[in-house]
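Undergrad: First the structure, which I've put down as structure tokens, then a few questions once you've had a look.
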Protein chains: 2
Amino acid sequence: MMLQVIALCQAPFLLDDPNVGLVFPADTIARAKHYLSLTSGGLGAYSDSRGIPGIRKEVAEFIERRDGYPSDPELIFLTDGASKGVMQILNAIIRSDRDGILVPVPQYPLYSATISLLGGSLVPYYLEETANWGLDIVNLRQSVAQARSQGKTVRAMVIINPGNPTGQCLSEANLKEVLKFCYENNLVLLGDEVYQQNIYQDERPFISARKVLMDMGGPISKELQLVSFHTVSKGYWGECGQRGGYFEMTNVSPKTVEEIYKVASISLSPNVPGQIFLGLMVSPPKPGDISYERFVRESKGVLESLRRRAQIMTDGFNSCRNVVCNFTEGAMYSFPQIRLPPKAIEAAKKAGKVPDVFYCLKLLEATGISTVPGSGFGQKDGVFHLRTTILPAEEDMPAIMASFKKFNDDFMEQYEDYRGYSRM
Amino acid sequence: MMLQVIALCQAPFLLDDPNVGLVFPADTIARAKHYLSLTSGGLGAYSDSRGIPGIRKEVAEFIERRDGYPSDPELIFLTDGASKGVMQILNAIIRSDRDGILVPVPQYPLYSATISLLGGSLVPYYLEETANWGLDIVNLRQSVAQARSQGKTVRAMVIINPGNPTGQCLSEANLKEVLKFCYENNLVLLGDEVYQQNIYQDERPFISARKVLMDMGGPISKELQLVSFHTVSKGYWGECGQRGGYFEMTNVSPKTVEEIYKVASISLSPNVPGQIFLGLMVSPPKPGDISYERFVRESKGVLESLRRRAQIMTDGFNSCRNVVCNFTEGAMYSFPQIRLPPKAIEAAKKAGKVPDVFYCLKLLEATGISTVPGSGFGQKDGVFHLRTTILPAEEDMPAIMASFKKFNDDFMEQYEDYRGYSRM
Ligand SMILES: Cc1ncc(COP(=O)(O)O)c(C=O)c1O
Ligand SMILES: Cc1ncc(COP(=O)(O)O)c(C=O)c1O
């Protein structure tokens, strides 16, 4: 239904076609008319640089339904995807290379690249693999202390929840600690919550940083500056090419909001089809709508299959020699640790390759399976990972994992027994 | 047809609907299939950060047909509108506030805002109102000399052709002078050619900076760095909300191209519907296609009407007391000079307003006609303008101009006779 609504918005004259009802269901036609009525000139006109007001209102209602606290559409800006939103906000925060931004390691490279583009300083903090990739506040304190001793002003902290590449869902208790930490250290918290609809277990459902903050009450809930990001690229849609997203600002001063608006208006407006897509995402069909049953069936189908795939993949990795892998609680990735034997590391050096790159290339050559070496996301010295998505078709998954296992176990065999071989 | 193609690309499962042929013509269906085949996963997937290769090829073919010289798709990047392209290129050029960019005055504010955002220095050069808003090379030299005396390195020059807000089409001779000037001064030329399809006279057809450069031959044609911008927001489409555009680089070093690619990939990819729209714009229906006749009729209709509106508006302004206006040779704007009497300037000061803002507000109050004061675009001291688009419906135009004339002539009467009134 969603895509059909966009189709009709793109070519609104179709609404006058006598045969339109043969191709498009009635609620789809009604939704298309609704979104067209929110624009000032259909998809052919620039919108407000912050996004179409009627859609920002739908986003605010979505947030209120999700968190139980009202949200102000004036503090929601629509963007060409979450990436652009993150870049806008980091641009507002970073003034010079003395401004530090706390970023998780491993991290999604958007953050390191943008901070470097804007001339700021990345201040890394490690996620705890043994604590299911949770945040350790002692670690955080050390990172901040070290940055300060280098003359940096740490101004903001990024969390990715659910995590990319690490797949964890942060617990409410962990989020509370993080919020307190930001408050004590006067940091803006950037909450990258683009995977909030992708949850594959029931123990730790997604909870937004904003809800935890509001639940805490008191001065922190009225003072801590938080910016939360979301997108149409993930969830059960995965509509990456549309480039629709939003950010919501909490406790950000009106003057700063005004400045961010000014910068946004330089490039006129986010793309309008992406904005409508976002509207559809935050207000999906409701019980009673013609498309409701189908929507529920399809979205549940996608998420349940992803949940099964997350399980097959984690189990698959954990059955391999020298591989350990946390369960993908959310997001779309698996990030197994590969314990490379010293001989494999030596062979990589000889080949002029970083060890995890060496492993991933060998994997690609042997099996055609394409993965991203963990070094692209940052990791502790001497610890190696790879990242893969859980997106291959469910029915292909067992064969893929079997092929991986065969490669990995042979690889380990070869390099663990290397000395043995070379003795012959 | 164009919009219907996008509609089908948005909801490709419609192509399997038995009734699709009742709503969509056959060539539309074929084009939708063509564009879907160029993507790697329909509109739901990110594309190459430079844009879909097949569409970059179509852009290159369009440029070759237009200019008579081949163009390399590898040097064409698709963007979320020309604004984003300009920002990407200025970002690649500006390193500090000592880097100067020559920008026309009056100018489209994208340039001043982006240069200030990126921390560069705007070096203004005046367009010659009495020479139909042409460029005077003597002026340019002075601007550069002055910037250098202030310790700046002038690194690039912007031209807007056809002009916004000034509506001029640069002559081939003028473009040649500009290219030579850039070559002598080692400047990158940024050619904002977003209005290239909006031409309203036959004496000075649009000619691209690239074609003039190639026609010149010799070392300059192999060395001068040129970046040209185009968009789906203008022309006879005016599809502003789609945010589709491209830039083409000429004589830019592979290393720089690589860097620009790297920065583009931070935000993954331009929006895919906008890319397809751009493809449709650069390869419109051809003779023999079902939609060809209709396309020609509609696009000609739009442009001819704009041409008549440009004439009505220029004539209307020139019939007003103390108003002089160059003909809108291209683009979508009229930029009349308003010769404000000293008493009007005094009254504006008393009201705490910039004189042209004062005039435009009075105009808005009296007639409902909304215009942009010239000071928003920059102008010489003590010279006042307003900018208006030529986009009101043709049939409304005579009444609008009559209403403007009445307001203006009353205004002039009041402030020219001010002393008279106050003597009573
Ligand atoms: C953690 C994270 N944040 C942001 C993004 C960017 O999403 P968008 O497509 O909305 O720009 C991604 C995309 O993969 C992501 O993984
Ligand atoms: C001179 C000029 N350049 C660039 C643009 C930006 O166009 P786009 O919509 O492609 O970002 C405009 C829009 O009005 C313009 O007038």
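The values are calculated or read from the model by the stated rules, or taken from the named source; none is laboratory data. In this text, all values refer to a predicted model and were calculated from it rather than measured experimentally. Methodologically, a virtual Cβ is constructed for each residue, glycine included, from the backbone with ideal geometry; neighbour enumeration extends over all protein chains shown.
Undergrad: Can you confirm whether the stretch A:353-363 contains a residue that is in contact (Cβ under 8 Å) with a residue 24 or more places away in the chain, surrounded by fewer than 16 Cβ atoms within 10 Å (Cβ to Cβ) and away from ligand 1 (no atom under 16 Å from the Cβ)?
TA: no
Undergrad: What is the residue count in the stretch A:323-352 for residues that are at positive phi and crowded, with 17+ Cβ neighbours inside 10 Å?
TA: Total satisfying the criteria: 1.
Undergrad: Pairs under 9 Å by beta carbon, first residue assigned by TED's automatic domain parsing to the domain that holds B:Thr389 in the stretch B:155-175, partner within 13 Å of ligand 2 (Cβ to nearest atom), six or more apart or different chains?
TA: That search, which allows pairs on different chains as well, returns nothing.
Undergrad: Might you check whether a residue that is among the hydrophobic types (A, V, I, L, M, F, W, C) and farther than 21 Å from A:Tyr69 by Cα occurs anywhere in the stretch A:197-215?
TA: There is at least one residue in the stretch A:197-215 that is among the hydrophobic types (A, V, I, L, M, F, W, C) and farther than 21 Å from A:Tyr69 by Cα.
Undergrad: Against the definition (among the aliphatic types (A, V, I, L, M), part of a helix (DSSP H, G or I) and not assigned by TED's automatic domain parsing to the domain that holds A:Ile400), how does A:Ile345 come out, yes or no?
TA: So A:Ile345 fails the test.
Undergrad: Considering only the stretch A:266-302, state which residues are surrounded by 15 or more Cβ atoms within 10 Å (Cβ to Cβ), away from chain B (no Cβ under 14 Å), farther than 30 Å from A:Gln88 by Cα and under 22 Å from the mean Cα position of the chain (by Cα).
TA: The answer is A:Ser299, and nothing else.
Undergrad: Another question, if that's okay. Sort out which residues of the stretch B:246-265 are within 14 Å of chain A (Cβ to nearest Cβ) and either within 16 Å of ligand 1 (Cβ to nearest atom) or at positive phi (or both), and write them in order of number.
TA: Hits for the stretch B:246-265 are B:Val263, B:Ala264, B:Ser265.
Undergrad: With respect to the numbered conditions (1) more than 14 Å from chain B (Cβ to nearest Cβ); (2) more than 18 Å from the chain's Cα centre (by Cα), which one is the sole condition not fulfilled by A:Leu190?
TA: A:Leu190 satisfies all of (1) more than 14 Å from chain B (Cβ to nearest Cβ); (2) more than 18 Å from the chain's Cα centre (by Cα) except (2).
Undergrad: Another one. Looking at the stretch A:118-127, can you tell me whether even one residue there is within 15 Å of ligand 1 (Cβ to nearest atom), away from chain B (no Cβ under 14 Å) and of a type in the set (A, V, I, L, M)?
TA: Looking through the stretch A:118-127, at least one residue is within 15 Å of ligand 1 (Cβ to nearest atom), away from chain B (no Cβ under 14 Å) and of a type in the set (A, V, I, L, M).
Undergrad: Are there any pairs with C-beta distances below 9 angstrom linking a residue in the stretch B:387-416 that is closer than 24 Å to B:Pro341 by Cβ to a residue that is surrounded by fewer than 16 Cβ atoms within 10 Å (Cβ to Cβ) and aromatic (Phe, Trp, Tyr), with the two at least 6 apart or on different chains, and if so which?
TA: Short answer, once both residue conditions are applied: B:Gln414/B:Tyr421.
Undergrad: Could you run through the stretch A:92-113 and say how many residues are basic (Lys, Arg) and within 14 Å of another protein chain (Cβ to nearest Cβ)?
TA: Summing the residues that are basic (Lys, Arg) and within 14 Å of another protein chain (Cβ to nearest Cβ) in the stretch A:92-113 gives 1.
Let's see how each residue does on (1) part of a helix (DSSP H, G or I); (2) surrounded by 24 or more Cβ atoms within 10 Å (Cβ to Cβ):
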| residue | (1), (2) |
| --- | --- |
| B:Met157 | no, yes |
| B:Pro162 | no, yes |
| B:Tyr183 | yes, no |
| B:Gln197 | no, no |
| B:Phe206 | no, no |
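Undergrad: Also: In the stretch A:319-336, how many residues are touching a helix residue (DSSP H, G or I) at 6+ places or on another chain (Cβ under 6 Å) and either assigned to a loop (DSSP other than H, G, I, E, B) or modelled with pLDDT under 95 (or both)?
TA: Of the residues in that region, 7 qualify.
Undergrad: Okay, moving on. Tally up the residues in the stretch B:24-41 that are closer than 30 Å to A:Pro392 by Cβ, within 14 Å of chain A (Cβ to nearest Cβ) and without any contact (Cβ under 8 Å) to a residue 60 or more places away in the chain, please.
TA: 4
Undergrad: Sticking with this one: Give just the number: which of (1) at negative phi; (2) in contact with an Asp or Glu (Cβ under 8 Å, 6 or more places away or on another chain); (3) within 14 Å of chain B (Cβ to nearest Cβ) does A:Arg243 not satisfy?
TA: Failed condition: (1).
Undergrad: Please go through the stretch B:52-91 and give me each residue that is away from ligand 1 (no atom under 16 Å from the Cβ), within 14 Å of chain A (Cβ to nearest Cβ) and β-branched (Val, Ile, Thr), ordered by number.
TA: Answer for the stretch B:52-91, where residues must be away from ligand 1 (no atom under 16 Å from the Cβ), within 14 Å of chain A (Cβ to nearest Cβ) and β-branched (Val, Ile, Thr): B:Ile52, B:Ile55, B:Val86, B:Ile89.
Undergrad: Next question. Can you pull out the residues in the stretch B:364-386 that are without any contact (Cβ under 8 Å) to a residue 24 or more places away in the chain and within 22 Å of the chain's Cα centre (by Cα)?
TA: B:Ser370, B:Thr371, B:Pro373, B:Ser375
Undergrad: Test B:Gly21 against the stated conditions and say whether it is in contact with a strand residue (DSSP E or B) (Cβ under 9 Å, 6 or more places away or on another chain) and either within 13 Å of chain A (Cβ to nearest Cβ) or surrounded by fewer than 20 Cβ atoms within 10 Å (Cβ to Cβ) (or both).
TA: no
Undergrad: Only one of these conditions is not met by A:Arg308: (1) surrounded by 18 or more Cβ atoms within 10 Å (Cβ to Cβ); (2) out of contact with any Phe, Trp or Tyr (no Cβ under 7 Å at 6 or more places or on another chain); (3) within 30 Å of A:Met1 (Cα to Cα). Which number is it?
TA: Single failed check for A:Arg308: (1).
Undergrad: Mind checking whether some residue in the stretch A:323-343 is touching a strand residue (DSSP E or B) at 6+ places or on another chain (Cβ under 9 Å), charged (D, E, K, R) and over 30 Å from A:Asp80 (Cβ atoms)?
TA: For the stretch A:323-343, residues touching a strand residue (DSSP E or B) at 6+ places or on another chain (Cβ under 9 Å), charged (D, E, K, R) and over 30 Å from A:Asp80 (Cβ atoms): present.
Undergrad: Can you pull out the residues in the stretch B:52-99 that are aliphatic (A, V, I, L, M) and within 16 Å of ligand 2 (Cβ to nearest atom)?
TA: Across the stretch B:52-99, the qualifying residues are B:Ile55, B:Val59, B:Ile76, B:Leu78, B:Ala82, B:Val86, B:Met87, B:Ile89, B:Leu90.
Undergrad: Let me ask something else. Restricting attention to the stretch B:60-78, does a residue exist that is hydroxyl-bearing (Ser, Thr, Tyr), within 16 Å of B:Ser228 (Cα to Cα) and either modelled with pLDDT under 95 or crowded, with 19+ Cβ neighbours inside 10 Å (or both)?
TA: yes
Undergrad: Can you tell me which residues in the stretch B:171-181 are crowded, with 17+ Cβ neighbours inside 10 Å and closer than 15 Å to B:Lys222 by Cβ?
TA: Hit for the stretch B:171-181 is B:Leu179, nothing else.
Undergrad: Tally the residues that are over 30 Å from A:Ile6 (Cβ atoms) and either within 16 Å of ligand 2 (Cβ to nearest atom) or in a loop (DSSP other than H, G, I, E, B) (or both), restricting the search to the stretch A:210-267.
TA: Total satisfying the criteria: 6.
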